[in-house]
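For reference, the structure is listed below as structure tokens.
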2 protein chains.
Amino acid sequence: MSLELRHLRYFVTVADELSFTRAAQRLRISQPPLSQQIQDLEAVLKTQLLLRTSRRVELTAAGEALHARAKSILEQVDAAVQEAASIGRGERGRILIGATGSILSGGLADLLAGYRHEFPEVTTTLFEQAPRLQMRALQDKKTDISFIRLRPESDDFASELAWREDVVVAMSSIHRLAGRKRIALKDLRDEEYVALAPESSEFAASIRDSCVAAGFLPRIAHEVVDAQSITGLLAAGFGVALVPSSIARFTTGEIRFRSLGASAPAADVYIVHRNGDQSTALRAFMAFARRFFQSRLKPRD
Amino acid sequence: MSLELRHLRYFVTVADELSFTRAAQRLRISQPPLSQQIQDLEAVLKTQLLLRTSRRVELTAAGEALHARAKSILEQVDAAVQEAASIGRGERGRILIGATGSILSGGLADLLAGYRHEFPEVTTTLFEQAPRLQMRALQDKKTDISFIRLRPESDDFASELAWREDVVVAMSSIHRLAGRKRIALKDLRDEEYVALAPESSEFAASIRDSCVAAGFLPRIAHEVVDAQSITGLLAAGFGVALVPSSIARFTTGEIRFRSLGASAPAADVYIVHRNGDQSTALRAFMAFARRFFQSRLKPRD
DNA sequence: TTGATTTATATCCGAGAGATATGGATGAGC
DNA sequence: GCTCATCCATATCTCTCGGATATAAATCAA
């Protein structure tokens, strides 16, 4: 015979009611098996818990002590069940997110704000890292999900489009092209470029590919490691840069952005995560993200 | 289907071992019912707890959380069982004891010291009260047991002899009888007495009865409410007093005690408790007390 | 003393915990 | 790359034990 929660549930009810008959009613069982289970419990403890005459039931000292303990235990069991179920539904947990600064301000921040509002019990931790490091972090399980401007090739990762962004051209307001309203990619063939170092970003490579497709090889005059540095160089008059349009949001100073029209390369942002082991919290996050971007696209239709 | 401790025990074992086969061995059951019980648990929680391939078992986030909780719950169940059993064996609990100061120093203190040594988990609370109040406190369940110098009549109480004491005569060292080695009760017929007020002590009444039996009615010159006051009055030369021999122990100053020899009235101390509801701790205490006094009597044999 | 109420005992039934046998998947080793 | 060993899941059976019904025993009220 081993102790089970049933014994504790029954005992607590009897101790609360101080009556086997009423306790049995509350427990939706008949009185004899209740008496039996209490006797079993007492046998396991080798201790009298209740003093019963046919007229009154009262607790012994051991019964008083167990009553308090058992009540607390049952509450904790309940809490544990709720917690596990809640984690299972993805309502609770922790998601580790990788992203770069421009992606954060480009739409991710809004997504996270909306998500935290609907799933307040999920902790989201954001790692601002260069794209290459993000992939490493994903692989090493340092992060669970990444927002990144290039679709990964590897079979280890699953990816889907988060949102679309155009590439725009950025330059100082005193640049000779700053007066033009619309600029095509091929108009930029003779410019000097400020670009992200290709080893820090797949995006840099894809921009270069777009230029090649437009018939020229961009002359990279300056390379920077951090996207933040680009605008500083542009403001000082160092050529032009091809950047995702969302960069405009967090840029101050004398920088002008011009659309590239139909010739604009895509700067789509993808959601990437490891294949296979997505937790429920992550699945729920992905589902939320899909709904979120879906509803955001509508106004543009 | 309801959650039982079995589910938690099984789950914790599997989570510890990360193997159904090994867990089943540790649990002394076969592997299929273990798988079944884990599935039942997951069904109750509506949540996956373990990711199992035929080659590896690992915990989900929900499983991790439940593992920690369940372990703690099982430990608490264990502790609660131990505690209840321990209280049931009288090894733990609280005993409320009534006594007077003279009884405490007359032998009770030694008993309590020995008892606490053998039952360190039982809290003993001592109430120093006048005998009448002790009976009241017992009746009102303010105390569980009393050490008192008179056997109670009422059927509500059970009593047994704790230890025997003689009554001795006490007087100032300058009293005219202080030089006598032995004094019989009847020699004291013409003395003036310092006595406890009869309304505060049954013992006072029993002393008076002893004097009457010896052929005289004691002349009470001074009455005190508190036994402590007696010696003060005696030291000041106010007559004599008939007191339990143990009083000598905690008396300082110029007081002499003389045995009354064969004519000494008894001042036996009784253990009194309510009939019926003695807790296990109290029963264990009584058993200890009997053993204690038994072994103390032997040296006198 | 009788009747009502409450717990304990006796007996029966059925759900379900656990055993055995087996299937299916996966990684190791030749 | 095939075979074998290993491990978890499924299917089926058995038998324990939880719960129901009927009834006895005890106690209090009238």
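The values are calculated or read from the model by the stated rules, or taken from the named source; none is laboratory data. This one's a predicted model, so the numbers in the text were calculated from it and none came from an experiment. With ideal geometry, Cβ positions are generated from the backbone for all residues, glycine too; neighbour counts draw on all protein chains shown. Side chains are part of the model used for accessible areas, which takes the heavy atoms of the whole protein and leaves out ligands, DNA and RNA. Shrake-Rupley method; radii C 1.70, N 1.55, O 1.52, S 1.80 Å.
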Zone residues, the stretch B:225-247, relative to residue B:128, backbone N less than 11 Å from point 7 Å out along Cα-to-Cβ: B:227-228
What fraction of the DSSP beta bridges in the protein assembly as shown is antiparallel, stated in percent and rounded to the nearest 5? 60
Residues meeting the amide H criterion for residue A:162 (H placed from the backbone, H to H distance under 5 Å, 5 or more places apart or on another chain) are A:269, A:270, A:271
What list of ³J(HN,Hα) values in whole Hz, one per residue of the stretch B:4-15 in order, does the Karplus curve 6.51 cos²θ - 1.76 cosθ + 1.60 (θ = phi - 60°) give from phi, with Gly and Pro shown as x? 10, 4, 3, 4, 5, 4, 5, 4, 4, 5, 4, 5
How much space per residue, in cubic angstrom, does the convex hull of the C-alpha atoms of the protein assembly as shown take up? 276
To check my understanding: the extent here is largest minus smallest coordinate of the Cα atoms along each principal axis. What are those three numbers for the stretch A:5-88, in Å, largest first? 47, 26, 19
How far apart, in nm, are the 7 Å Cα→Cβ label points at residue A:290 and residue A:78? 3.6
Between Rg and the Kirkwood Rh of the stretch B:224-274, both from Cα atoms, what is the Rg to Rh ratio? 1.02
What residues have an amide H closer than 5 Å to that of residue A:127, excluding those fewer than 5 places away on the same chain, when H is modeled at 1.01 Å from N in the peptide plane? A:97, A:98, A:99
XL table A:46/B:141; A:71/A:142; A:142/B:46; A:46/A:71; A:142/B:71; Cα-Cα > 31 Å flagged, in table order, is A:71/A:142
Could you give P(r) for the stretch B:1-42, binned at 10 Å from zero, as whole percent values over all Cα-Cα pairs? 34, 60, 6
Calculate what fraction, in whole %, of the accessible area of chain B sits on carbon and sulfur atoms when a 1.4 Å probe is rolled over the protein chains. 49
Which parts of the stretch B:1-24, residue by residue, lose 50 Å² or more of accessible area when the rest of the protein chains are there, as against the chain isolated (1.4 Å probe)? B:3, B:4, B:5
Taking 7 Å along the Cα-to-C-beta vector as the label spot, tell me the residue B:139-residue A:181 distance in nanometres, rounded to one decimal. 10.7
For label points placed 7 Å from Cα toward Cβ, what is the shortest-first list of nm distances from residue A:123 to its copies? 3.8
Per-residue HN-Hα couplings for the stretch B:232-245 [Karplus 6.51, -1.76, 1.60; θ = phi - 60°; Hz; x = Gly/Pro]: x, 5, 4, 4, 7, x, 7, x, 10, 9, 9, 9, x, 4
How high is the relative contact order of chain B, given as a whole-number percent (alpha carbon pairs under 8 Å, six or more residues apart)? 22
Degrees, to the nearest 10: B:202-213 long Cα axis against longest axis of chain B: 40
Taking a probe of 1.4 Å and counting only protein heavy atoms, give the total accessible area buried between chains B and A in Å², rounded to the nearest 100. 2300
Cα radius of gyration and Dmax for the stretch B:80-177 (Å): 17.1, 67
What are the nm distances, shortest first, from residue A:16 to its equivalents in the other copies, labels at 7 Å along Cα→Cβ? 3.2
For chain B, what number results from the quotient of the Cα radius of gyration and 2.2 N^0.38 Å? 1.66
Quick one: label points 7 angstrom along Cα→Cβ at residue A:291, distances to the other copies in nm, smallest first? 6.9
What does the charge count around residue A:259 come to, taking other residues whose C-beta lies under 10 Å from its C-beta (Lys +1, Arg +1, Asp -1, Glu -1)? +2
At 25 °C and 0.890 mPa s, what whole-number value in µm²/s does Stokes-Einstein give for the translational diffusion of the stretch B:184-271, with Rh from the Kirkwood sum over Cα pairs? 183
Once both labels are modelled 7 Å past Cα along the beta-carbon direction, what's the residue B:58-residue B:166 spacing in nm? 8.7
Give me a comma-separated list of calculated 3J(HN,Hα) values for the stretch A:16-31, in order, Karplus coefficients 6.51, -1.76, 1.60 applied at θ = phi - 60°, integers in Hz, x for any Gly or Pro. 5, 7, 6, 6, 5, 5, 5, 4, 4, 4, 4, 8, 6, 10, 7, 5
Compare A:137, A:221, A:43 in a GNM of chain A, Cα atoms joined below 10 Å, and give the one with the largest fluctuation. A:43
Express the accessible area of the stretch A:64-209 per residue in Å², computed with a 1.4 Å probe while the remaining protein chains stay in the model. 49
